[in-house]
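Below: the structure, in structure tokens.
Every number in this text was worked out from the coordinates using simple rules, so none of it is lab data. Computed from a prediction, not measured in an experiment: that's the story for all the values here. Glycine also receives a Cβ, built like all others from the backbone with ideal geometry; neighbour counts cover every protein chain displayed.
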Amino acid sequence: GEDVEQSLFLSVREGDSSVINCTYTDSSSTYLYWYKQEPGAGLQLLTYIFSNMDMKQDQRLTVLLNKKDKHLSLRIADTQTGDSAIYFCAESTSRDDKIIFGKGTRLHILP
Amino acid sequence: DTEVTQTPKHLVMGMTNKKSLKCEQHMGHRAMYWYKQKAKKPPELMFVYSYEKLSINESVPSRFSPECPNSSLLNLHLHALQPEDSALYLCASSQDRERGTTGELFFGEGSRLTVL
């Protein structure tokens, strides 16, 4: 079956790096995504990685994928107060149109 | 235009009312989705339309009735809802993954529904 797991809460000091981790179970995952949701808003795609890649970097964001361990991480460098949000890991497969979301990690920024 | 527009932003309805949520996108996406999100929970998939045909129904109660009048519009008709149906209802769209795109979802801001 399909399952995506994340830790629920992360607290980081402003200026430090944040690392949010995710594990998934479906070995047929094709794309893995990170979405950000601010209070009262919809989900915004931050970045994605294709399953045959190990790493992707986009400005302050670095995604690492360990396909053997089915582990995905999102690193946010120089964390800012505007990064405070819930971050959802999500996976899709080539089988159907479903995208399965993890429970979300709430990132709290300390001054 | 990279937006998914949802109306209304807020809706309060009684258990005997009939109302509709609307969603519109003009990105030429072929798939449109309804998700339900309760507070502090991830979005839960309800329905997927692909090329204007219902392709996925996640065993959603019949008091929720989706409709896709054309490739740009998606409605969710609501009738005889329960208070536990109160949630944020998110619409999303995506491009055709078979054409080599990433299949990422573009979300609207959501319609916050309260059932009294």
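Figures for the structure shown
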item: Filtered residues of the range A:20-55 (kept if β-branched (Val, Ile, Thr) and over 29 Å from B:Glu3 (Cα atoms)); result: A:Thr23, A:Thr25
item: Lone qualifier among A:Ser17, A:Ser84, A:Ser92 - being more than 13 Å from chain B (Cβ to nearest Cβ) and closer than 25 Å to B:Tyr89 by Cβ; result: A:Ser84
item: Any chance A:Val63 is away from chain B (no Cβ under 12 Å), touching a Phe, Trp or Tyr at 6+ places or on another chain (Cβ under 8 Å) and among the β-branched types (Val, Ile, Thr); result: yes
item: Meets criteria (touching a Ser or Thr at 6+ places or on another chain (Cβ under 6 Å), of a type in the set (Gly, Ala, Ser) and either more than 9 Å from every other protein chain (Cβ to nearest Cβ) or free of Cβ contacts under 8 Å to residues at least 60 places away in the same chain (or both)) for A:Ser51; result: yes
item: All positions within the range A:95-111 that are of a type in the set (A, V, I, L, M, F, W, C) and either under 16 Å from B:Ala92 (Cβ atoms) or without any contact (Cβ under 8 Å) to a residue 60 or more places away in the chain (or both); result: A:Ile99, A:Ile100, A:Phe101
item: Test: residue in the range B:86-109 that is over 13 Å from the mean Cα position of the chain (by Cα), more than 22 Å from A:Ser29 (Cα to Cα), without any contact (Cβ under 8 Å) to a residue 40 or more places away in the chain and surrounded by 15 or more Cβ atoms within 10 Å (Cβ to Cβ); result: yes
item: Number of positions in the range B:34-68 that are within 13 Å of chain A (Cβ to nearest Cβ) and part of a loop (DSSP other than H, G, I, E, B); result: 8
item: Qualifying residue in the range A:71-82 (condition: without any contact (Cβ under 8 Å) to a residue 24 or more places away in the chain and under 19 Å from A:Val12 (Cβ atoms)); result: yes
item: Residues located in the range A:1-48, provided they are touching a residue at least 40 places away in the same chain (Cβ under 8 Å) and among the hydrophobic types (A, V, I, L, M, F, W, C); result: A:Val4, A:Leu8, A:Phe9, A:Leu10, A:Val12, A:Val19, A:Ile20, A:Cys22, A:Leu32, A:Trp34, A:Leu43, A:Leu46
